[in-house]
Amino acid sequence: MNDKSWSKSLSSDEQVSKIFEWRRGFNIIYLISLGMDLGLFKFLRKAPNSNPKEISESLSLHIPYVEVWCKTAFAARILETDNCVEYRLAEHFDKILADEKDPSFLGGYIKLGTDFAAKDFEFSTTAFRDGSTVPFQNRSNHFADTVGSAISGLHVLTTHKLLPSLPGMKQKLKTDCNILDIGCGTGRLVFRLAKAWPKSSIVGVDIDNTGINIAREKLNELQLESQVRIVQGDVIESGEQSSFDAILMVEVLHEISPEVRQETIGDIFKLLKPEGWLLIVDETYPSETEDYRKAEYQFPIQTAFEEVTWGNIIPTKNIQENLLLTAGFTKKIGRKIIGEGFTILEVQK
Ligand SMILES: C[S@@+](CC[C@H](N)C(=O)[O-])C[C@H]1O[C@@H](n2cnc3c(N)ncnc32)[C@H](O)[C@@H]1O
């Protein structure tokens, strides 16, 4: 008998079921990835209630394989059908899997798994023996772009909800807010902010050449040079001291190597104007044994595993708060958990 609240006894059959469930999950992730690569979701979004023959002829695919794909997707509740002949997307998947522009789109997150995590896991047998890493930076345009796409829902949330909800910020955004986006990657958040708040100025900074080059091309294409600046390098190079009203870090704190984290948060403190806001959207690693099985920590725990060979370490609540306090942020730190387990930290200088 085990009286620990996080541990209950499971039968052998229940343990076996878990293995089969995870194995199905593995296949379904690849089924979705394949559906994206072949344009199956987009086709069914445009032409619901199509049969495998119509789908295959239109996309130049092999009919018997598409039939099996459709039946498997129906079993997994990704597709619906009344007769196993004509198929349509199950509710909400037109947005979640077939519309890159929708804030609920999760195709980027799926591709991050099949196109990149799968390769990192292959490399893990070597890495676990010698401790080597493959860092985030300088991988490929496809990688940088897929990461940006995987996070795009958080960009929408930050632009339209989290940032304007900070005290005094909505008015400032409408008039002349100076915003710094740290770890801006390919600049998706920077350009979204620029579009939503045309009277505000935005600087994006990142150490990654690949992301920054994509961001610079986009800046050129959008001709937003008067409103947006993209900087490649260290955070402190992004502006004058006390020059920003708001500094953002979306999925960045856990990517900054622990050796330079304190210095970076110290630089952020210097760059903020008095009463300026630091808004961090990131993940928090559990620190108590009972936390590891709580729903809110499942996503951060998986991220930490997926990114361990990138050299990333997700900070605990205590580490996050000590970093801020040591840097000089002595006001109350706002903290909430949203969605699948993202932590929102808000603190004023
Ligand atoms: C997961 S990506 C997030 C990108 C972007 N914030 C977004 O939402 O699309 C993390 C980014 O943090 C950047 N980064 C890591 N350490 C950094 C540092 N010390 N200074 C600036 N950027 C850094 C990485 O290069 C990478 O582009």
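Estimated translational diffusion coefficient (Stokes-Einstein, Kirkwood radius over Cα pairs, 25 °C, 0.890 mPa s) of the range 141-348: 142 µm² per second. Spacing of the modelled spin labels on ILE236 and GLU296, each 7 Å from Cα toward Cβ, amounts to 3.5 nm.
Residues whose amide H comes within less than 5 Å of that of GLY276, counting only those at least five positions distant or on another chain, are LYS349 (H built at 1.01 Å from N in the peptide plane). Alpha-carbon geometry of the range 83-148: the Rg and the Dmax are 16.7, 54 Å, given in that order. Taken over the range 239-349, the convex hull of the Cα atoms encloses 99 Å³ per residue. Electrostatic bookkeeping for ILE313 treats Lys and Arg as +1 and Asp and Glu as -1; over the other residues with beta carbon under 10 Å from its beta carbon, the sum is -1. Sequence-ordered 3J(HN,Hα) estimates for the range 132-145 from the Karplus curve with 6.51, -1.76 and 1.60 and θ = phi - 60° stand at 6, 10, 10, x, 4, 6, 6, 8, 7, 4, 4, 5, 4, 5 Hz, glycine and proline given as x.
In order along the range 261-273, the phi-based Karplus estimate (6.51 cos²θ - 1.76 cosθ + 1.60, θ = phi - 60°) of 3J(HN,Hα) comes to 4, 5, 4, 5, 5, x, 5, 4, 4, 5, 6, 6, 6 Hz; Gly and Pro are listed as x. Legend: translational diffusion of the range 153-230 by Stokes-Einstein, Rh = Kirkwood radius over C-alpha pairs, 20 °C, 1.002 mPa s; D = 172 µm²/s. 3J(HN,Hα) along the range 335-349: 9, 8, 10, 10, x, 6, x, 8, 9, 10, 10, 10, 8, 9, 6 Hz, from the Karplus curve 6.51 cos²θ - 1.76 cosθ + 1.60 with θ = phi - 60°, whole Hz, x for Gly and Pro. With a Förster radius of 41 Å applied to the C-beta separation of SER165 and TYR30, the computed FRET efficiency comes to 0.60. In this structure the amide hydrogen of ILE230, modeled in the peptide plane, comes within under 5 Å of the amide hydrogens of GLY204, none closer than 5 places in sequence on its chain.
What separates the Cα centres of the range 196-213 and the range 288-318 is a distance of 28 Å. Here the calculated FRET efficiency for ASN318 and PHE128, from their Cβ-Cβ distance with R0 = 25 Å, stands at 0.40, rounded to the nearest 0.05. Considering only alpha-carbon pairs that sit under 8 angstrom and 6 or more positions apart, the relative contact order computed for the chain is 12 percent. List the residues of the range 261-299 whose backbone N lies under 20 Å from a point placed 7 Å from the Cα of ILE337 along the Cα-to-Cβ direction. Only 280-299 pass the distance filter. Within a straight-line Cα-Cα reach of under 19 Å, LYS101 can be paired with the following aspartates and glutamates, leaving aside sequence neighbours fewer than 8 residues apart in one chain: ASP37, GLU91, ASP145, GLU221.
Size estimate for the chain follows the Kirkwood approach: the inverse of mean 1/r over distinct Cα pairs works out to 22.3 Å.
Going by a ≥ b ≥ c, the root eigenvalues of the Cα gyration tensor, does the range 12-99 fall in the rounded group (a/c under 1.5), the prolate group (a/b larger than b/c) or the oblate group?
It is prolate, given that a/c is not under 1.5 and a/b is the larger ratio.
Bear in mind that the values in this text are calculations on the coordinates, not laboratory data. Computed from a predicted model, the values in this text were never measured in an experiment. When we count neighbours, we look across all protein chains shown, and the Cβ atoms used for this are built from the backbone with ideal geometry, even at glycine.
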